[in-house]
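Heads up, the thing below is written out as structure tokens.
The values are calculated or read from the model by the stated rules, or taken from the named source; none is laboratory data. Note that this is a predicted model, so its numbers are computed, not measured. As a convention, Cβ positions derive from the backbone with ideal geometry for all residues, glycine included, and neighbour counts pool all protein chains shown. Accessible surface is based on the protein model in full, side chains and every heavy atom, while ligands, DNA and RNA are left aside. Shrake-Rupley method; radii C 1.70, N 1.55, O 1.52, S 1.80 Å.
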Amino acid sequence: MALSDSAEIMETVAKERFLRKSPFLEFCDAEGLPVITGYGVEDLRKVPLSHWERLGGPAAYCHLEGSQGFVGSMVAEIPPGKNLQPMRHLYEELILILEGRGATQFWCEKTHQTILLEWQAGSLFSPPLNVKHQHFNGSATEPVRFVAPSNAPIIFNAFASPEFIFNTPYEFTDRFSGQNNYFSSEIKEGEFEDTSINFISDIYAVPLTKYPRRGVDYSRLGITGSGNKAMVGHIMAIGSGTYRKPHYHGSGAQVVVLDGKGYTLMWPKYDTNEGPKPKDGKFVRVDWHKGSLLVPPEGWYHSHFTTSAEPGLHLALRRGQRGVGQRYLPTVPESQGGTVMDYEDEPRDVRAIYEAELAKTGVPCRMPPVTYRK
């Protein structure tokens with residue numbers, strides 16, 4: 001075989017190899033787990049689900065453009081009066097209850113301890129890594145629906161072995177050993193985020209702190225829990241008639257809308273042929289309301305705009321591994337080496353689009369006048 005012929009064949013094989021699905025998406029196909037793609041999901045509470053045998057209930061997986069093989073979100077239901085299968089896994093997961101009430105049982109087999117956590121719509125918790133647990137619906141008439149962002153994609157892409165990921169018996173007793181008060185709502189100082197809290201009973205009641213460097217009326221609380229090292233998050237509020245400063249960060253941040261209405265604009269920081277690109281014009285726009293999900297791609301500027309009379313309240317769950325990937329400085333302006341764009345440096349049509357949207361809703365604009373530097 002001539003070298004030129006060999007090279008041509010190798011190029012064809014290489015193209016096929018690069019276009020092949022990731023191990024995680026191949027796993028979803030093999031398990032019959034539906035995969036949702038795109039830049040956003042309009043309403044997690046209404047997404048069609050299919051029975052997933054391993055879970056023992058209806059589910060689908062949101063693997064949006066911005067997930068990029070690192071973090072995604074499972075949406076699942078517990079039918080009325082039913083329970084899901086007991087499960088353990090080697091990926092970190094945070095669970096937000098969208099609708100319904102019920103309980104989750106956790107086992108520490110090494111210490112022979114079992115605890116039960118009761119929850120309701122608006123509760124947030126994280127099963128400790130590889131702890132056996134089982135979800136129960138507390139109502140005989142209404143289903144439970146929840147969304148569970150996790151780093152399952154990168155774990156599957158690293159190990160490519162469901163047997164290993166779901167059936168490894170090792171217990172991380174430094175994270176959980178069956179303590180009765182484990183899922184306390186006590187807020188403690190966090191190692192990877194502002195706070196550490198293992199259970200939030202009502203995410204709508206959590207007090208937030210103002211961060212004016214990130215937006216005119218922007219509030220936030222960083223959270224982590226259950227000993228997680230790779231998955232962290234934050235709750236944020238963007239006041240009515242305001243929007244957050246454009247910024248960029250790593251891939252995989254799963255932004256779940258808890259309340260309010262508005263939209264998010266996303267656009268690439270660099271002009272490159274790699275990665276997803278805007279389909280229409282300069283921006284990718286995702287409209288949102290309670291129950292929506294969006295995931296900005298890595299390195300893309302994005303800004304969240306509230307158009308409702310009430311604040312836009314979001315929960316962002318993301319990978320938080322320290323020292324992995326590019327370093328981001330979310331409170332420092334770009335002019336000082338950070339990753340936040342001042343209002344004075346944003347594209348001029350950003351403000352014009354927002355003012356036009358507010359005019360449609362009758363919500364007053366509370367943004368201060370801006371003098372552009374470019």
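Could we say that residue 118 is among the acidic types (Asp, Glu), surrounded by fewer than 21 Cβ atoms within 10 Å (Cβ to Cβ) and in a strand (DSSP E or B) here?
yes
Is it true that some residue in the stretch 39-59 is assigned to a loop (DSSP other than H, G, I, E, B), open to solvent by less than 10 Å² (accessible area, probe 1.4 Å), within 30 Å of residue 261 (Cα to Cα) and at pLDDT 95 or above?
Scanning the stretch 39-59, I find no residue that is assigned to a loop (DSSP other than H, G, I, E, B), open to solvent by less than 10 Å² (accessible area, probe 1.4 Å), within 30 Å of residue 261 (Cα to Cα) and at pLDDT 95 or above, so the answer is no.
Select from the stretch 155-170 the residues that are of a type outside the set (Phe, Trp, Tyr) and open to solvent by less than 20 Å² (accessible area, probe 1.4 Å) and list them in ascending order.
Residue satisfying the conditions is 165 alone.
Does residue 80 count as in contact (Cβ under 8 Å) with a residue 60 or more places away in the chain and in a loop (DSSP other than H, G, I, E, B)?
Spelling it out, residue 80 is indeed in contact (Cβ under 8 Å) with a residue 60 or more places away in the chain and in a loop (DSSP other than H, G, I, E, B).
I'd like to verify a number: residues in the stretch 66-101 that are on the phi > 0 side of the Ramachandran plot and either at pLDDT below 95 or crowded, with 22+ Cβ neighbours inside 10 Å (or both), how many?
Of the residues in the stretch 66-101, 2 are on the phi > 0 side of the Ramachandran plot and either at pLDDT below 95 or crowded, with 22+ Cβ neighbours inside 10 Å (or both).
Residue by residue through the stretch 178-214, note down the ones that are surrounded by 15 or more Cβ atoms within 10 Å (Cβ to Cβ), modelled with pLDDT of 95 or more and among the small types (Gly, Ala, Ser).
Residue satisfying the conditions is 201 alone.
From the list 299, 312, pick out the single residue that is touching a Gly at 6+ places or on another chain (Cβ under 9 Å), at pLDDT 95 or above and under 28 Å from residue 232 (Cα atoms).
312
Take residue 317 and tell me if it is open to solvent by less than 20 Å² (accessible area, probe 1.4 Å), in contact with a Cys (Cβ under 7 Å, 6 or more places away or on another chain) and not basic (Lys, Arg). Break it down into steps so the answer makes sense when it comes.
On the way: open to solvent by less than 20 Å² (accessible area, probe 1.4 Å): yes; in contact with a Cys (Cβ under 7 Å, 6 or more places away or on another chain): no; not basic (Lys, Arg): yes.
Against the criterion (open to solvent by less than 20 Å² (accessible area, probe 1.4 Å), in contact with a Cys (Cβ under 7 Å, 6 or more places away or on another chain) and not basic (Lys, Arg)), residue 317 does not qualify.
Quick check on residue 152: is it open to solvent by 40 Å² or more (accessible area, probe 1.4 Å) and of a type in the set (Gly, Ala, Ser)?
no
Regarding the stretch 160-174, can at least one residue be identified that is under 29 Å from residue 67 (Cα atoms), outside any loop (DSSP other than H, G, I, E, B), touching a Phe, Trp or Tyr at 6+ places or on another chain (Cβ under 9 Å) and at pLDDT 95 or above?
Scanning the stretch 160-174 turns up at least one residue that is under 29 Å from residue 67 (Cα atoms), outside any loop (DSSP other than H, G, I, E, B), touching a Phe, Trp or Tyr at 6+ places or on another chain (Cβ under 9 Å) and at pLDDT 95 or above.
Residue by residue through the stretch 199-225, note down the ones that are among the polar types (S, T, N, Q), more than 17 Å from the chain's Cα centre (by Cα) and within 16 Å of residue 126 (Cβ to Cβ).
Hit for the stretch 199-225 is 201, nothing else.
Starting from the stretch 249-274, keep only residues that are at pLDDT below 95, then list their pairs with residues that are of a type in the set (Val, Ile, Thr) whose Cβ atoms are within a distance under 6 Å, requiring at least 6 positions of separation or different chains.
Once the first residue is at pLDDT below 95 and sits in the stretch 249-274, its partners that are of a type in the set (Val, Ile, Thr) give 252/71.
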